[in-house]
Structure formats: C-alpha cells, structure tokens
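The values are calculated or read from the model by the stated rules, or taken from the named source; none is laboratory data. All values reported here derive from a predicted model rather than from experimental measurement. Backbone-built Cβ (ideal geometry, glycine too); neighbour counts: all protein chains shown.
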Ligand code: TYC
C-alpha cells in the first residue's frame, strides 16, 4: 500500500468504464380457453401475480373477452418461474390454462 503507482497513475482503466446493461424484461400473458373457470384464473392472478381481487377480476375478464392479457412484467428467470407456476397449478386442477412470456 502506498508504494508504486496506482492503476490510475499507470494509465489503466482510462476510458474503459463499462456501462452495466439493464436486464431484458418479459411480459407474462394469460391466454383464454373455454374450460378453465373464471374463479381459478382469478385465484392464479392473486396467488402467483399478487393482484388484488378487483384487479385480478378485471384482468381475467379482459383475457376472457380479448383472448389474452397481461399478468405482469419480469426479468427472464422470474417470468419463466411464473409461467411454470401457472402451468403447475393448472395441471393439478386439470385445467388447460396457458401462460406465455414475450420479450418487451
Ligand atoms: N373463458 C373462460 C370461461 O368462460 C374463462 C377464462 C378467462 C379462461 C381467462 C382462461 O385465461 C383465461 N370459463
């Protein structure tokens, strides 16, 4: 410590600062089908996506009417985990509910 030149004095790390890149974000979407119950979709939105009952109901009705709807936006690993959680909950109840992720 204190002997010799610091890396700054040596001229290292000049103009070499790297910008930290922000992680890509992914939309997690629920897809409509004819068999999954509205009640179950609301439950999924509450339990997996931490929506209030009011918001979960609004999102579920949007999916029911329009074919798909946004459940949340996450980094890739979190989005993959949410998709897997939805499919596992649906599988256990034998509902065909589908959930997909899309890069923003
Ligand atoms: N269309 C379903 C019904 O009428 C309800 C539903 C809503 C299913 C949203 C899936 O992602 C979904 N029971």
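Take residue 82 and tell me if it is more than 9 Å from the ligand (Cβ to nearest atom) and surrounded by 10 or more Cβ atoms within 10 Å (Cβ to Cβ). When the stated conditions are applied, residue 82 passes them.
Residues are listed down the side, and each one gets a yes or a no for (1) surrounded by fewer than 20 Cβ atoms within 10 Å (Cβ to Cβ); (2) assigned to a strand (DSSP E or B); (3) within 14 Å of the ligand (Cβ to nearest atom); (4) at pLDDT 95 or above:
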| residue | (1), (2), (3), (4) |
| --- | --- |
| 20 | yes, no, no, no |
| 23 | yes, no, no, yes |
| 27 | yes, yes, no, yes |
| 34 | yes, no, yes, yes |
| 39 | yes, no, yes, yes |
| 43 | yes, no, yes, yes |
| 46 | yes, no, yes, yes |
| 57 | yes, no, yes, yes |
| 61 | yes, no, yes, yes |
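For the range 63-79, what are the residues that are more than 11 Å from the chain's Cα centre (by Cα), surrounded by fewer than 17 Cβ atoms within 10 Å (Cβ to Cβ) and in a strand (DSSP E or B)? Selection gives 68 alone. If you go through the range 18-36 and pick out every residue that is free of Cβ contacts under 8 Å to residues at least 60 places away in the same chain and either under 15 Å from residue 98 (Cβ atoms) or in contact with a helix residue (DSSP H, G or I) (Cβ under 6 Å, 6 or more places away or on another chain) (or both), you end up with 2.
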